[in-house]
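Working notes, beginning with the structure itself.
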Amino acid sequence: MSTELKAAPKAIAGPSNWLDERLGGASFLKRNMRKIFPDHWSFLLGEIALYSFVVLLLTGTFLTLWFKPSMMEIAYDGSYAPLKGVMMSEAYASSLEISFDVRGGLLMRQMHHWAALLFVAGMMVHALRVFFTGAYRKPREINWIIGVLLLTLALAEGLTGYSLPDDLLSGAGLRITEGVAISLPLVGTYITFFLFGGEYPGEDVISRFYSLHILLIPGIILALVSAHMVLMWVQKHTQMPGKGRTNKNVVGAPFYPAFMAKAGAYFLFTLGVITGLATFTQINPIWLFGPYTPADVSAGSQPDFYMGFLEGALRIMPPWEINLFGTSHAGTLPLSVIIPALVPMGIIMTGLALYPFLERWVTGDNREHHVVDRPRNNPHRTSIGISAITFYGVLWLLGANDEIAANFHISLNVTTYAGRVLIFVAPALAYLITYRMCIGLQRADQAIISHGVESGVIKRLPHGEFIEIHTPPSEDMEAHMRGKETVPMLPVDEDTAGIPPKGMRGPLGKLRGRMSRAYGGEKIPLEDPNGHHGHGEHDEHGEHEEEPAAVGSGASDEQHSITR
């Protein structure tokens, strides 16, 4: 049911009048408290990242009260007996103190770590939802780029925080970071000396990473999150196709009280999950690893999941290098490190940032979009996204090729060679399979629109054939499917004189035209072009059969609609 909001509830009007008499902001408050938000479960994915970030800020503030970002060597004299008298950095000793001597310290440490994982995972899943539904299109390109920057900064924030305890596991990751940084042409040495304060391991890396981790990167992330939320608020949220939903309105529930109550409950749920994980599931037991020493490394060490792709890229890369000046080390380019460090992340992050503009260039679509696509209705975009996920997944999996080899009794060389093949073959196969699945799902939608939904009622015809009666789809279901839009395509036809349209001439224009024809256009129309009817509408004698009524899907709460 759609109703029009006429007056603000008393709970809004009272505080608004109080503020208006003092600040003159009643109209602003009333307007924004009544803002309509669409209601769909996938819209909550981004809130997982937002609420995890809040938990990160709160737990991180707690940890800073006891953590000492110093690499000065001391003899441990804390509660953990196995390390009594062992020389270690103050950073590692203070991390042990937080874990064993500060009340609630271990819980806060593990909450912080789990929240960091959920923060990155939430952003990844949110980015996939936006990508697969096309919610990055005009006018939301800027917000999409902000999101890509946030994901990149989150990886850097995780890397700096992961290294702070100065244990053997994080030290191994820090050694890889140093190797990647110093291999970069021209700037590698400067970056390494800036981070480590001299030759590895130096004496300043923990304090410098600490400043980056608690001050610089979180400040930028907080600013970008604020800009992201403001832009989302101003531009309004996208909505899924459905009954009464257009590019000129928003159908959903008001910010107060419906969305505010859902958001509050969801924050508490996220907090509960993180707390439960920190309570019952151990993560990063640094006391088992021991303090970091450059001469030691543990077998089977793995980074957090979000950096696993870099580990995998380093492991499967052949030992290539280029010597520009013979055997001189000054002219050596270690491609076995440079390519894994820059290419995979460059492909994914740069591809994400540029995709809205590349898609607009290919399709010529300059319209505003406030109703998103179902992933099946843009099969090429969905296939590209699944290919990128597969590319990332292969690298992530091969980051544990030693564990795979040891546990499944496979040669380590076999896993490495298989990874070098899969990194090219798997994304291509994923593209083809996903494209065919999208086409199949579009055909399924066409069948429902043309023939109806299977009712489960079996009927025997006079000549002995058994058929299943189909019923019309529910109104909401049909509206959801009929929200499909044809993927735009450039006008590429030549005029009567045989001249291609402007912008379609030359090699680049012809390439653009071919890409547009492949990417755009209607693949499977919703209406069956043959006009076939499903079983149960008419029998062979032309008598209309009585069909069970379709069950409609009703909303659980009252919905409202406003015009954009």
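Among (1) in contact with a Leu (Cβ under 7 Å, 6 or more places away or on another chain); (2) in a helix (DSSP H, G or I), where does Asp296 come up short?
Only one criterion is unmet by Asp296, namely (2).
Can you report the number of residues in region 366-393 which are basic (Lys, Arg) and over 26 Å from Met232 (Cβ atoms)?
0
Does Ser163 count as within 30 Å of Leu96 (Cα to Cα) and crowded, with 19+ Cβ neighbours inside 10 Å?
Spelling it out, Ser163 is indeed within 30 Å of Leu96 (Cα to Cα) and crowded, with 19+ Cβ neighbours inside 10 Å.
Examine region 120-130 for a residue that is of a type outside the set (S, T, N, Q), open to solvent by less than 30 Å² (accessible area, probe 1.4 Å), in a helix (DSSP H, G or I) and closer than 30 Å to Gly202 by Cα, and state whether such a residue exists.
yes
Does region 184-215 hold any residues that are open to solvent by less than 30 Å² (accessible area, probe 1.4 Å) and in contact with a strand residue (DSSP E or B) (Cβ under 8 Å, 6 or more places away or on another chain), and which are they?
Ile206 - this is the single residue of region 184-215 that is open to solvent by less than 30 Å² (accessible area, probe 1.4 Å) and in contact with a strand residue (DSSP E or B) (Cβ under 8 Å, 6 or more places away or on another chain).
Matching residues to (1) within 18 Å of Ile214 (Cα to Cα); (2) charged (D, E, K, R):
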| position | (1), (2) |
| --- | --- |
| Lys30 | no, yes |
| Lys35 | no, yes |
| Leu56 | yes, no |
| Thr59 | yes, no |
| Thr64 | yes, no |
| Tyr80 | no, no |
| Ser95 | yes, no |
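Please enumerate the residues belonging to region 366-420 that are in contact (Cβ under 8 Å) with a residue 40 or more places away in the chain, part of a helix (DSSP H, G or I), open to solvent by 40 Å² or more (accessible area, probe 1.4 Å) and out of contact with any Leu (no Cβ under 7 Å at 6 or more places or on another chain).
Here is the first cut: in region 366-420, the ones in contact (Cβ under 8 Å) with a residue 40 or more places away in the chain are 366-392, 394-403, 406, 416, 419-420.
Remaining after also requiring part of a helix (DSSP H, G or I): 375-377, 379-392, 394-398, 401-403, 406, 416, 419-420.
Within this subset, residues satisfying the condition of being open to solvent by 40 Å² or more (accessible area, probe 1.4 Å) are 375-376, 384, 386, 388-389, 392, 396-397, 402-403, 406, 420.
Matches in region 366-420: Pro375, Ile384, Ile386, Ala388, Ile389, Tyr392, Trp396, Leu397, Glu403, Ala406, Arg420.
Step by step: first the residues of region 68-109, then only those that are in a strand (DSSP E or B) and small (Gly, Ala, Ser), then the one that is most open to solvent (accessible area, probe 1.4 Å). Which residue is that?
Taking region 68-109 and keeping what is in a strand (DSSP E or B), we get 73-75, 87-89.
Imposing the further condition that a residue be small (Gly, Ala, Ser) reduces the set to 75, 89.
Working: Ala75: 57, Ser89: 5 Å².
The qualifying residue most open to solvent (accessible area, probe 1.4 Å) is Ala75.
Conditions (1) free of Cβ contacts under 8 Å to residues at least 40 places away in the same chain; (2) open to solvent by less than 30 Å² (accessible area, probe 1.4 Å), marked per residue:
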position	(1), (2)
Ala430	no, yes
Ala444	yes, no
Ile448	yes, no
His451	no, no
Glu454	yes, no
Arg460	yes, no
Phe466	yes, no
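Quick one: which of Lys523, Lys510 is surrounded by fewer than 17 Cβ atoms within 10 Å (Cβ to Cβ), charged (D, E, K, R) and at pLDDT 65 or above? Working first, answer last.
Numbers: Lys523 fails: surrounded by fewer than 17 Cβ atoms within 10 Å (Cβ to Cβ).
The unique qualifying residue is Lys510.
Does region 287-304 contain at least one residue that is farther than 25 Å from Leu159 by Cβ and either basic (Lys, Arg) or open to solvent by 40 Å² or more (accessible area, probe 1.4 Å) (or both)?
We begin by selecting, within region 287-304, every residue farther than 25 Å from Leu159 by Cβ; these are none.
For region 287-304, residues farther than 25 Å from Leu159 by Cβ and either basic (Lys, Arg) or open to solvent by 40 Å² or more (accessible area, probe 1.4 Å) (or both): absent.
Those residues that are open to solvent by 20 Å² or more (accessible area, probe 1.4 Å), among the hydroxyl-bearing types (Ser, Thr, Tyr) and under 19 Å from Ile48 (Cα atoms), I need them from region 226-254; list them, please.
Ser226
The values are calculated or read from the model by the stated rules, or taken from the named source; none is laboratory data. Since the model is a prediction, treat every value here as computed from it, not as a measurement. Every residue, glycine among them, receives a Cβ derived from its backbone with ideal geometry; neighbour counts consider all protein chains shown. Areas reflect the complete protein model, heavy atoms only, side chains present, ligands, DNA and RNA absent. Shrake-Rupley method; radii C 1.70, N 1.55, O 1.52, S 1.80 Å.
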